[in-house]
Every structure is written in structure tokens, then in C-alpha cells.
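Each value in this text was obtained by applying a stated rule to the coordinates, not by laboratory testing. Predicted model only: the values in this text are computed from it and were never measured. Every residue, glycine among them, receives a Cβ derived from its backbone with ideal geometry; neighbour counts consider all protein chains shown.
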Amino acid sequence: MAKLCLCCTILLLLFTSVSAHSDFFTSIGHMTDLLLVERDLVSSLKDYIRAEEDKLQRIKRWADRLDVLATAGSQDPEGFLGHPVNAFKLIKRLNTEWVELEGLVLTDVSDAFVSNLTIQRQHFPNDDDQTGAAKALMRLQDTYELDTETISSGRLPGSSSVAATSSVLTVEDCYDLGKVAYSDVDYYHTELWMAQALKQLEQGEESSSVDAIAILDYLSYSVYQQGELERALDFTKKLLELDPSHQRANGNLKYFEYQLSKQKKLEVVGNEEQRMRKKNLGRSDDYLPERKQYEKLCRGEGIQMTPRRHSRLFCRYYDNGRHPRFVIGPLKQEDEWDSPHIVRYHDIVSDRDMEKVKELAKPRLRRATISNPTTGVLETAHYRISKSAWLGAYEHPVVDKINRKIEDITGLDVSTAEDLQVANYGVGGQYEPHFDFGRKDEPDAFEELGTGNRIATWLLYMSDVQAGGATVFTDIGAAVQPKKGSAVFWFNLYPSGEGDYRTRHAACPVLLGNKWVSNKWMHERGQEFRRRCGLRWND
């Protein structure tokens with residue numbers, strides 16, 4: 001075997017301890033718990049409302065009864081009180097019954113609701129989670145080239161009309177998205193979402209907390225920061241029409257007019273170039289050289305499979321050289337790509353077994369981490385947004401069953417493989433382009449495992465995804481769509497042991513739905529007689 005590569009910059013997802021409510025937006029598996037918590041709180045709130053309504057009804061009955069007595073007595077007070085029964089009852093009411101009424105009015109029926117809310121609040125998302133969810137929406141907006149109207153109306157690709165009706169953003173929601181972008185010095189998205197908020201306001205949507213003045217203030221500054229002085233001046237003038245005394249706007253008006261008077265020659269930029277220049281303001285330090293290719297593939301564009309090459313891809317029944325398990329019941333194997341060879345196996349794991357794997361993993365899901373290439377410290381990263389857990393074969397027969405099936409299908413030894421990694425991608429969940437194997441410039445890749453480099457990757461899809469979430473290979477221009485119960489498999493190393501750089505791949509953001517996958521990474525150790533070495537680097 002080739003000399004083992006040492007340390008990978010992008011390490012395995014680790015099962016680490018983090019705060020209970022950290023990064024909820026990265027896992028729909030966890031957010032379903034939040035939905036159940038909210039349903040419980042709504043039920044508790046309704047109980048409180050019913051208790052308050054019952055209390056008010058009792059007080060109303062008191063008031064109605066006393067109103068009749070007071071009305072009767074006020075017509076002839078002396079005659080009314082001349083009757084000893086009326087006199088007795090008046091004294092009794094004032095001495096006893098009004099005190100009881102006071103006790104009823106002061107009774108606090110909110111204790112149960114407040115207590116429940118206090119208990120559940122410890123599981124609520126925090127400000128960081130809300131900010132992360134907002135950034136996820138903007139990431140989806142960019143990757144899938146969605147306009148703010150499409151997102152705000154809930155009409156996402158793949159969504160039903162019923163879902164769209166109940167999944168709309170209010171003026172306040174759009175305004176808050178714009179503020180998140182503004183705090184991140186992302187003036188491109190600030191402008192987009194503030195403009196959407198203003199549009200909805202002008203169309204008649206009511207808002208109790210956001211007005212046009214606040215929105216125009218953000219809009220004028222965000223377009224100014226993008227070099228559009230004339231538009232900044234227009235927004236400022238509109239703001240001053242609504243509030244002539246606005247101090248900052250008055251100052252900006254003079255400044256913008258002065259800057260425009262100095263600007264003698266405007267740069268002529270094409271519409272598309274101008275749009276991309278503005279968009280890139282939200283990505284001032286983009287570390288990803290193939291971002292455009294990555295996002296195009298996520299949208300189903302730029303796939304580099306010619307009709308002639310596609311005609312050479314086949315579906316077949318596969319028995320892995322008449323393996324005893326598959327002679328009678330061969331597998332359904334489909335070619336996804338020719339070079340490197342990527343294959344998909346259909347109907348590999350039953351729904352029941354996949355649900356069991358999710359059940360085992362869910363309590364242990366934690367935010368994915370990477371190893372900082374400079375410090376070596378494990379940390380979260382904005383380009384790897386998912387939650388994962390690791391399951392050993394000894395933990396449940398289902399896990400052992402899946403491991404044995406992987407070995408039987410691939411012919412590779414799984415005794416030196418890593419544990420089964422289960423990952424859940426939630427709102428905007430993704431993993432940007434990366435290699436699964438350790439490269440030569442990473443001298444310590446997988447050294448602690450002592451099993452060599454990652455020779456192959458097995459990726460099982462445990463859910464269908466309504467939109468987005470494809471696995472794309474940026475170097476070769478391939479895209480593989482999630483399909484529940486199917487698994488894709490490829491070799492990361494050539495038979496010579498050299499890394500196959502064509503296998504650089506990514507998990508596209510989930511646009512709509514919930515994506516569950518499980519990975520199995522096989523290593524070089526143990527494969528010496530199962531996949532023989534090649535003499536040339538690309539054998």
C-alpha cells in the first residue's frame with residue numbers, strides 16, 4: 001500500500017458535548033422537539049385562558065346580581081332598607097361577600113402556565129440560534145437564486161400551495177432578516193430584505209413595531225455602502241418626507257448631495273456584473289474558489305455529463321461475484337457517474353431499520369466540528385452546518401446488520417472502518433466542498449486510528465428531500481440526488497494509494513425538507529487482499 005497520508009484539515013464529525021440549546025437550527029431532528037414543546041405551551045396557554053374566562057364569568061355573575069340589587073335599592077333607599085331582610089343582606093354583602101369577591105379578583109390562575117413556561121424556557125433557542133437561522137435563509141437565497149418575494153410568500157420550489165399559505169414572512173420578519181445582515185456588514189442582503197419589508201408595508205400589511213422610517217434609514221445606508229449615491233439620496237428624501245426632523249437623515253442628505261456633486265464620472269457596469277459585485281459584498285472574504293460551480297450544481301446546472309457518456313451508464317442486478325447473500329436476491333445497482341465510478345444501490349436498508357438508526361442517533365446529535373488547520377482545536381464552522389452522532393456496531397443489532405451489509409456489497413473489510421456516522425441537516429444545512437481522504441500536505445491524517453487513509457466512502461440516504469440537499473462533485477460536475485433507502489459508493493483513493501482529487505464533493509443546502517444520512521468510511525488497513533494495489537498512480 002502507498003505510504004499513509006497523515007492529518008486531515010477537515011476531520012470527522014465528532015460526538016462532543018455542547019450546550020443543550022446550541023445551534024438548534026442545524027438539526028430538524030432537534031427542532032421537532034421544539035415544535036412539541038411549543039404545542040405543549042400552547043395547550044397550557046389555552047388552559048390559562050379558559051381559567052381566566054371562567055374567573056371573569058364568575059365575577060360577571062356577581063356584578064349582574066349586585067347590579068339588580070343596587071338598582072332596586074337606589075329607587076327608594078329608605079323603603080328598600082326598611083325591609084329587615086334587605087338591611088341584613090346589605091350588611092352581609094359588604095362584610096363578607098365583597099371580601100370573597102376581592103379574593104376571587106386577586107386569584108392568580110396563571111401559576112401553572114408560568115411554571116410550565118419557566119421550565120421549558122431552558123430548552124429554547126437563543127439569539128445565536130435565531131441569527132444562524134436567518135443566515136441560513138440568506139444562504140438558501142444565494143445558492144438557489146431565490147428572490148425575497150419567493151421566500152417571503154413561502155412559495156419555495158417543491159412546496160405545496162397549502163404549505164406556502166402558512167409559511168409566510170411578515171414585515172417584522174423581513175425587517176429582522178435585514179438587521180441580521182446589517183450586523184454582519186452584509187449590505188447586499190440588508191438592502192434586499194429591507195426593500196421587501198418596505199414593499200409589504202406599502203402593500204397594506206400592518207405592523208405594530210416596524211415603520212417605513214426605520215426601514216428607509218437602513219435602506220439609504222445599505223445602498224450608500226454599495227456605492228449607489230443616487231439611490232441613497234432618494235431613500236433619504238423619502239424618509240424626510242415622513243419625518244422632516246430626522247437628525248441622521250438631514251445630515252446624510254447634505255453629505256450625499258455633496259458626494260454626488262464631486263462625482264463627475266460614473267463607472268459603467270453591466271447589469272449582471274453589477275448584481276454579482278453587489279452580491280459579493282456579502283462575501284467579502286470568500287475562501288471557496290469553486291463557489292460558483294458548487295452553487296450551480298446545487299441548482300442542477302453545469303452538470304458535465306454528455307449524452308454519449310450518459311449512454312454508457314447502466315442499471316443492473318448485482319450479486320458481487322455470486323456472493324451467497326445476493327445470488328437469490330441480487331441488488332439493484334445503478335451507475336451515477338463513469339469516472340470516477342460512482343454507483344448507487346437501491347432499497348438497501350428498510351424503513352424500519354433507518355428509523356431505528358435515527359432513534360439511536362437523535363439523543364446524541366451534536367453540531368459538526370472541524371479541526372482548525374492552524375491551532376488544531378476542534379471548532380464549528382459556517383461551511384459545515386449539520387448535526388451528527390456516531391454509532392458502533394456493538395450498540396444495536398441494526399447497526400451491526402448495516403455494517404455487515406456494507407462489507408458484503410463493497411467487498412471491503414469494515415473491521416478497520418470508522419463507526420457509522422449519522423448526520424441530520426436542517427434549515428440551510430450544508431457541507432461545502434471537501435475531500436474525505438487525507439492529502440499529502442496533511443502529515444497526521446487519521447494517525448490516531450492507525451488504519452491508514454480513507455479508501456472509500458459509503459453514503460446512505462435515510463430520507464427523501466423535497467428540494468435541495470444534493471451531493472455534488474465540483475471537480476467533475478456531477479450531482480447525486482437524495483433517495484431514501486439508497487446508498488452511493490465511491491473510492492477516494494486510486495489502487496496505487498494516491499488520492500483521487502476528482503472526488504472533492506459537497507452536501508448542498510437543504511432548501512425544503514429534512515435530510516438524514518449515514519456515512520461509513522473504509523480505511524486502507526485490511527484491504528490488501530480485497531483491493532489490490534496498482535503499479536501506476538491512476539490504476
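Simple spin-label model, 7 Å along Cα-to-Cβ: residue 107 to residue 58 in nm?
With each label placed 7 Å out from Cα toward Cβ, I get 0.2 nm.
Could you name the lysines in cross-link range of residue 387, using Cα to Cα under 24 Å and dropping any fewer than eight places away on the same chain?
Filter leaves 135, 356, 358, 362, 401, 483, 484, 515, 520.
Any chance you could list the semi-axes, whole Å, largest first, of the equivalent ellipsoid that the Cα gyration tensor gives for region 74-201, using √(5λ)?
61, 19, 15
Taking every pair of alpha-carbon atoms in region 87-144, give the share separated by more than 20 Å as a whole percent.
The calculated P(r) of region 87-144 puts 64 percent of pairs beyond 20 Å.
If you find the alpha carbon centre of region 126-191 and of region 505-525, how far apart are they in angstrom?
What the calculation gives is 25 Å, centre to centre.
Can you divide the C-alpha Rg of region 459-501 by 2.2 N^0.38 Å and report the result to two decimal places?
Here the Cα radius of gyration is 1.39 times the empirical estimate.
Give me the lysines in straight-line cross-link reach of residue 254: C-alpha distance below 27 Å, same-chain residues under 8 apart excluded.
Within the straight-line cut-off, residue 254 pairs with 179, 199, 237, 238, 262, 264, 265, 278.
Over region 443-539, what number does the Rg to Rh ratio reach, with both radii from the alpha-carbon atoms and Rh per Kirkwood?
1.03
Consider just the alpha-carbon atoms of region 300-340 and return their Rg together with their Dmax, both in angstrom.
Rg and Dmax of region 300-340, Cα atoms, are 13.9, 42 Å.
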